[in-house]
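The values are calculated or read from the model by the stated rules, or taken from the named source; none is laboratory data. What you see is a predicted model; the values in this text were computed from it and never measured. Reconstructed Cβ throughout: ideal geometry from the backbone, glycine too, with neighbour counts over all protein chains shown. Side chains included, ligands, DNA and RNA excluded: accessible areas come from the protein's heavy atoms. Shrake-Rupley method; radii C 1.70, N 1.55, O 1.52, S 1.80 Å.
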Amino acid sequence: MRRFLDLFTGIAVVSGFLVATQAVSNQLWRSWATVIALGLFAVLLQAWPRKILAKGRVESAVTVMALASAGLIFATSLISPAGALLAATGLLIPIIAAVPYLEVKSLRRLIIIAWVASIATAAASLLPDPVPPSSSTGLVRLWGSVVVSGLVLFLLYQSTERLRASSREFSRLFSLSSDLAEATDPGVLGDLVARHLAEATGMDDCAIYALAPDTGRLSPFGSHPSQRSMETDTEALMERPMLQRVVNERTHMTVDVVNEYADPAERAHLRSLGRTAMLLLPLVAHADPVGVAELTAAEYRTVGERRLALAQTLAFEAAMAIENGRLYHDLRERSLHDPLTGLANRSLFFDRVGHAIARLGRQPGLHIAVLYIDLDGFKNVNDTLGHARGDRLLVLVAERLRTVVRAADSVGRLGGDEFALLLEDMTTADGAVTVADRALSLLTQPFELAGQAVNVSASIGIASRAEANIGADELIREADEAMYEAKRAGKGRVMRSTPVSLGSGPVA
């Protein structure tokens, strides 16, 4: 828009100079009146619309410019009726210039005004022109024809380019929305967002940093190219205060590596990346910050207002997708984990057992085992100490059970005081007995509940397999039956599904 104002002002000044040359030769007041009109028009364009643009009111600035242009054209047709028909054609200029900026209602009003003005301007050609034609008059009219036809064609080209740019922006927004709708994995979401933002702004790469709601710390969430995330040191993000400013102030910021007044930490970061320019965009969802997008370029470049607006729109869409993805992940985790202990719930544990059995068919020679654990004496704790302390006991039991398995194994709470362990990739079935004895030993040690030592024990049943010839339900049921055999045998012991007693402990 500012370029249009400069272009129109320049044309008015050149036209005024040519008409002034004619006025000096013919000494007619009409020529001087045209010069004055062109001068006032140039001053008006540099003053009023620019002041309106500074307030962000683009539509109002365009309307003022269009009406001023129409007024100038109509005035010059009255001053010089011989050029009225050319001036009527020139009334297309403000309309074409305003098309990309105005809403339909405002554009409709402007078209009506321009139509009425064009009729009046054309009618002015019927007025007698007392100025005899001369060589300078012909030069001025030739210049007018060049200006009118050139501006009409130029503005048509500009409007076409803006429409194409709008189409590209719509396509990019649609593409981002489509990609985000199909992605729920946080890692995939981060990379998608980074790629779309880098392409929209024309920057070389983009890194997405997610804000942890509990700690308020930023961590890599995705990038384009993908290796950018692997090159990012999470601790180093804490040493960049500008990132926190973007989060707190919810505004974009730019950094130029050669600008000595720029943030030293950000300039050092750019140098380490081999980049010269950076744009930081806040990612905000529901008025709350969820992260920061860092876009960098190897060569210095500016991001225009239009591209910045598109990037901010994409950033908003991305922030909403990231927040929704986070909520989806949290809900999924809650639906698959026991809310009290954080262990896998019954559904997730059964699913993991099923996958472990399926892997047996591809890994001959390995064993899996399910350990079904039921606490002995837990009902007495609930009845005498209350449910709150009973819940605390279950949490402590879960913590101890986590210590007896490897990272590849699983611990689950199946309900009440029943727990289960899934042991995978064992070379022999006897490994399950070792784990069961270790778990039983830990569970028979006293638990401290609100300063009071509480003793419980456990009955543990084991079911194992080396072949994928059984379902998850059946394998867990075998372990459950073995656990009940341990109960019947006196509690506080381990039983295999054969069943044979393999260990003992104190009876609760």
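Check whether at least one residue in segment 275-289 is part of a helix (DSSP H, G or I), open to solvent by 40 Å² or more (accessible area, probe 1.4 Å) and farther than 23 Å from SER175 by Cβ, and report yes or no. Scanning segment 275-289 turns up no residue that is part of a helix (DSSP H, G or I), open to solvent by 40 Å² or more (accessible area, probe 1.4 Å) and farther than 23 Å from SER175 by Cβ. Out of curiosity, is ALA388 touching a Pro at 6+ places or on another chain (Cβ under 9 Å), open to solvent by 50 Å² or more (accessible area, probe 1.4 Å) and free of Cβ contacts under 8 Å to residues at least 12 places away in the same chain? Against the criterion (touching a Pro at 6+ places or on another chain (Cβ under 9 Å), open to solvent by 50 Å² or more (accessible area, probe 1.4 Å) and free of Cβ contacts under 8 Å to residues at least 12 places away in the same chain), ALA388 does not qualify.
Within segment 453-483, the residues that satisfy the criterion of being outside any helix (DSSP H, G or I) and open to solvent by 80 Å² or more (accessible area, probe 1.4 Å) are ASN455, GLU467, ASN469. Set side by side, the residues ALA277, ALA268 differ, and just one is within 22 Å of THR313 (Cβ to Cβ) and either of a type in the set (A, V, I, L, M, F, W, C) or modelled with pLDDT under 85 (or both), which is ALA277. Counting only residues that are over 18 Å from the mean Cα position of the chain (by Cα) and in contact (Cβ under 8 Å) with a residue 40 or more places away in the chain, which one in segment 278-302 is farthest from THR254 (Cα to Cα)? Going through the qualifying residues, I end up with ALA298. Annotation note: of HIS269, HIS329, the sole residue that is in a helix (DSSP H, G or I) and surrounded by fewer than 18 Cβ atoms within 10 Å (Cβ to Cβ) is HIS329.
Of all residues in segment 398-448, those that are assigned to a strand (DSSP E or B) and either aromatic (Phe, Trp, Tyr) or more than 46 Å from the chain's Cα centre (by Cα) (or both) total 3. Between ALA450, ALA486, ALA436, ALA429, the distinction of being small (Gly, Ala, Ser), surrounded by 19 or more Cβ atoms within 10 Å (Cβ to Cβ) and in contact (Cβ under 8 Å) with a residue 40 or more places away in the chain belongs to ALA436 only.
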